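Here the structure comes first, spelled out in structure tokens, and everything after it is commentary.
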Amino acid sequence: MEATLFTTLPPPSSTTISLKSHFHNPLLLHPTTLHHRKPTRTPLTIRSAISRTKKEETVETVKQQLEGCHLIAGINYKGFTVQQFQQLRTTFPDSTKLIVAKNTLVIKAIEGTPWEPLKPCMKGMNAWLFVHSEEIPAAIKPYRTFQKEKKLEENDFSGAVFEGKYYPPEEFKVLENLPTRAEVYAKLLGSLKGPATSVVGTLQAPARNLVMTLKAYVNKLEEEGGAGQ
């Protein structure tokens, strides 16, 4: 009887295996499962959608900056450190915005606008300067000063567009030497108060200077008219 009893009982080891296989605990992973488990990755379609959305947002940001803009200039920022870029942002007046955007996205934003002449400088890594003021020299000077202090001779302007004309880097002196609003107004007043030859001399100045002179004079008349009402 005793021999029969012991021979009919299953071995302890088989009972243990049977319980594990029947009552499987999903929290107890087999070592081989842990070893071969691959990390979860974002599906390609989601990554593509996020990338496309960011590009669309950048294009929209550039389009917004085009409104009321007087000058757009590219700056070659290849090799800039994050700290340098942050410092540069703080040097510009409030009317000037510095934005980093890929050339292809900027091209897309300026298509069909007066800023299309900017396309020749769409090379390399550009940060874009949007000037929302008529004081062009004051907007450009901060970078010239920064460039000199940080010894960034290789990081020059890549080009600019002002009043529909493209200015390559070698012609930036023209933009940097434009008269300020105060200087134009003073010159106009001096011409009007002086002899007729002075007025003629002002009218015979380059067309670009003449347009700026007349614009300043019209603005002054509007200010005086508003104050008299």
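Points worth noting:
- When each of Lys108/Lys187; Lys55/Lys141; Lys119/Lys141 is checked by Cα-Cα distance, pairs over 29 Å: Lys108/Lys187; Lys55/Lys141
- Whichever aspartates and glutamates have a C-alpha closer than 20 Å to that of Lys78, once near sequence neighbours (fewer than 8 apart) are set aside: Glu149, Glu153, Glu154, Asp156, Glu170
- Those trypsin sites (Lys or Arg not before Pro) in the range 58-93 that DSSP places in a loop and that have at most 13 other beta carbons within 10 Å: Lys78
- Accessible area per residue was computed with a 1.4 Å probe on protein heavy atoms; Phe162 scores about 10 Å².
- Charge context of Asn126, other residues only, Cβ under 13 angstrom, K/R +1, D/E -1: +3
- For the peptides 71-77, 154-160, 114-120, the ranking by packing is 71-77, 154-160, 114-120, with the highest mean count of neighbouring Cβ atoms within 10 Å listed first.
The values are calculated or read from the model by the stated rules, or taken from the named source; none is laboratory data. This is a predicted model, so every value here is computed, not measured. Backbone-built Cβ (ideal geometry, glycine too); neighbour counts: all protein chains shown. With ligands, DNA and RNA removed, areas are computed over all heavy atoms of the protein, side chains included. Shrake-Rupley method; radii C 1.70, N 1.55, O 1.52, S 1.80 Å.
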